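This report refers to the structure that appears directly beneath it.
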Amino acid sequence: SQELEQSPQSLIVQEGKNLTINCTSSKTLYGLYWYKQKYGEGLIFLMMLQKGGEEKSHEKITAKLDEKKQQSSLHITASQPSHAGIYLCGAVQGAQKLVFGQGTRLTINP
Amino acid sequence: EPEVTQTPSHQVTQMGQEVILRCVPISNHLYFYWYRQILGQKVEFLVSFYNNEISEKSEIFDDQFSVERPDGSNFTLKIRSTKLEDSAMYFCASSPNLGLAGEQFFGPGTRLTVL
């Protein structure tokens, strides 16, 4: 079965700094989702990537899927306190379900 | 903006009791899911549901679990005889389409505590 590994597991950055979170898959990714979870709450959809080399942006968050479709990165520019939370990557497995990485806990210090 | 809702937000139960977790998916969505997240662990797929039947389930989803869409709006997860290890956050999700064609929208979750 497909496994997703995220790095780092936790990240503390100063407000205004840029940061990157990585998601590596044990198998080719046919669809990669990024979600944000506030502690103890639901998952909020950020972006979905499908094609090798694809890049999408939403506000200050950019996600990329590498050409080989085994790794994705999430980059936040000029981080703000509102970016704090847990970021999860999820891969489509078959047609029905998502398998998730363990999450990256992001803390933004003012 | 339409959203998935879940009730209750927190459920405390005694081991061996039955619990029903409720979800109202987004109204025009056709595919429904339950996931769970044990504290400190990954979000795990439990079951998917389409056209009034289970379309896929994980090894976690044993005979103690069942799902139902009792009417046109609700989607429920029943745990017949809860165990301590069922304590987790349970998320409902829905999507308009399958797989890559359909983003899964998640509800806020129900925190189940089994004592």
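The values are calculated or read from the model by the stated rules, or taken from the named source; none is laboratory data. Computed from a predicted model, the values in this text were never measured in an experiment. Using ideal geometry, Cβ is built from the backbone for each residue, glycine included, and neighbour counts are taken over all protein chains shown.
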Q: For the stretch B:13-22, state whether one or more residues are within 15 Å of the chain's Cα centre (by Cα), over 15 Å from B:ILE79 (Cα atoms) and either at pLDDT 95 or above or of a type in the set (D, E, K, R) (or both).
A: no
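Among the residues of the stretch A:22-33, is there at least one that is under 22 Å from B:TYR90 (Cβ atoms), within 14 Å of chain B (Cβ to nearest Cβ) and at pLDDT below 95?
So in the stretch A:22-33, the residues under 22 Å from B:TYR90 (Cβ atoms) come out as A:33.
With the extra rule that they be within 14 Å of chain B (Cβ to nearest Cβ), the set shrinks to A:33.
Still in the running and at pLDDT below 95: A:33.
Yes: one or more hits.
Considering the stretch B:1-25 alone, what residues qualify as being in contact with a Pro (Cβ under 9 Å, 6 or more places away or on another chain) and within 12 Å of another protein chain (Cβ to nearest Cβ)? So that I can check it myself, show each step before the final result.
Filtering the stretch B:1-25 down to residues in contact with a Pro (Cβ under 9 Å, 6 or more places away or on another chain) leaves B:3-6, B:9, B:21-22.
Within the stretch B:1-25, B:GLU3, B:VAL4, B:THR5, B:GLN6, B:SER9 meet the criteria.
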(Q) Looking only at residues that are more than 10 Å from chain B (Cβ to nearest Cβ) and hydrophobic (A, V, I, L, M, F, W, C) in the stretch A:87-101, which one is surrounded by the most Cβ atoms within 10 Å (Cβ to Cβ)? (A) A:CYS89
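Matching residues to (1) over 14 Å from the mean Cα position of the chain (by Cα); (2) surrounded by 14 or more Cβ atoms within 10 Å (Cβ to Cβ); (3) more than 12 Å from B:ILE20 (Cβ to Cβ):
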residue	(1), (2), (3)
B:ASP63	yes, no, yes
B:ASP71	yes, no, yes
B:LYS83	yes, no, yes
B:SER94	no, yes, yes
B:PHE106	no, yes, yes
B:LEU112	no, yes, no
B:LEU115	yes, no, yes
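Could you please find all residues in the stretch B:58-89 being of a type in the set (Ser, Thr, Tyr) and within 11 Å of chain A (Cβ to nearest Cβ)?
B:SER58
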Q: Quickly run through the stretch A:31-44 and pick out the residues that are in contact (Cβ under 8 Å) with a residue 12 or more places away in the chain and surrounded by fewer than 15 Cβ atoms within 10 Å (Cβ to Cβ).
A: A:LYS38, A:TYR39
Q | Condition met for A:LEU29 (closer than 25 Å to B:LEU98 by Cβ and not aromatic (Phe, Trp, Tyr)) | A | yes
